[in-house]
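First up is the structure itself, then whatever we jot down about it.
The values are calculated or read from the model by the stated rules, or taken from the named source; none is laboratory data. For clarity, every value in this text was computed on a predicted model and none was experimentally measured. Ideal geometry is used to build each Cβ from the backbone, glycine not excepted, and the neighbour counts take in all protein chains shown.
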Amino acid sequence: MSPAPLSIAIGCDDAGTDYKAALGAHLAARGHKVVDVGVAPGAHTPYPDIAAAAARGVAAGTADRALLICGTGLGMAIAANKVLGVRAVTAHDVYSVERSILSNNAQVLCLGARSVGLELARRLLDAWLAVRFDPASPSAAKVARIAALEGALAGGSGRT
Ligand code: RB5
């Protein structure tokens, strides 16, 4: 049985508009709800603003996950990780993509439109969609320690 459909925020900067459209269609074709947070083709919103919009949606619970695309996938991850409670990774191989969920409960995957071909990106997304974090797994305690660290740094209680 396939895991339940997800609500996925998707965003890119101007390096990835065509790529985002193709991958958004791929997610929708797999039965997931896709919420586009920009940019529109021809727009030039800097990638940190798009990362923040998507990551805030994840932190607020309006999206289960986010897919963020820039030239490298690096700046998007750096920016998304500034939002409290968000764990964003750049991962370009199937094993790391799977482990970003299973080990790290990372809600945000960032891809580089200039470094990963579209067909490989589709395969990475299929691997990403197939897995769910298990809160009863040994990884949960480690993720909780990330949240505790974040909470301590932010002066709050942290979230998982
Ligand atoms: C272009 O703005 C490029 O810097 C951006 O797409 C991304 O690769 C940053 O990490």
Could you please give the count of residues in segment 56-75 that are over 18 Å from LEU27 (Cα atoms) and assigned to a helix (DSSP H, G or I)? 5
Here is a list: GLY57, GLY11. Which entry is at pLDDT 95 or above, buried (at least 21 other Cβ atoms within 10 Å of the Cβ) and within 15 Å of the ligand (Cβ to nearest atom)? GLY11
I'd like to check something: does segment 25-38 contain any residue that is within 16 Å of the ligand (Cβ to nearest atom) and either exposed (fewer than 15 other Cβ atoms within 10 Å of the Cβ) or part of a loop (DSSP other than H, G, I, E, B) (or both)? yes
Could you give every pair whose Cβ atoms fall below 8 Å, whose first residue belongs to segment 137-160 and is part of a helix (DSSP H, G or I), and whose second residue is modelled with pLDDT of 95 or more and acidic (Asp, Glu), counting only separations of at least 6 or pairs across chains? ALA140/ASP134
For the subset of segment 14-24 comprising residues that are surrounded by 19 or more Cβ atoms within 10 Å (Cβ to Cβ) and of a type outside the set (A, V, I, L, M, F, W, C), which member is farthest from THR45 (Cα to Cα)? GLY24
Could you tell me whether segment 67-84 includes any residue that is surrounded by 23 or more Cβ atoms within 10 Å (Cβ to Cβ), more than 15 Å from the ligand (Cβ to nearest atom) and within 10 Å of the chain's Cα centre (by Cα)? no
Please name all residue pairs, on different chains or six or more residues apart, with Cβ atoms under 8 Å, provided the first residue is in segment 76-99 and is assigned to a loop (DSSP other than H, G, I, E, B) and the second residue is within 16 Å of the ligand (Cβ to nearest atom) and among the hydroxyl-bearing types (Ser, Thr, Tyr). HIS92/SER115
Just the residues that are out of contact with any Ser or Thr (no Cβ under 6 Å at 6 or more places or on another chain) and either surrounded by fewer than 20 Cβ atoms within 10 Å (Cβ to Cβ) or of a type in the set (Lys, Arg) (or both), please, taken from segment 39-51. ALA40, GLY42, ALA43, HIS44, THR45, PRO46, PRO48, ASP49
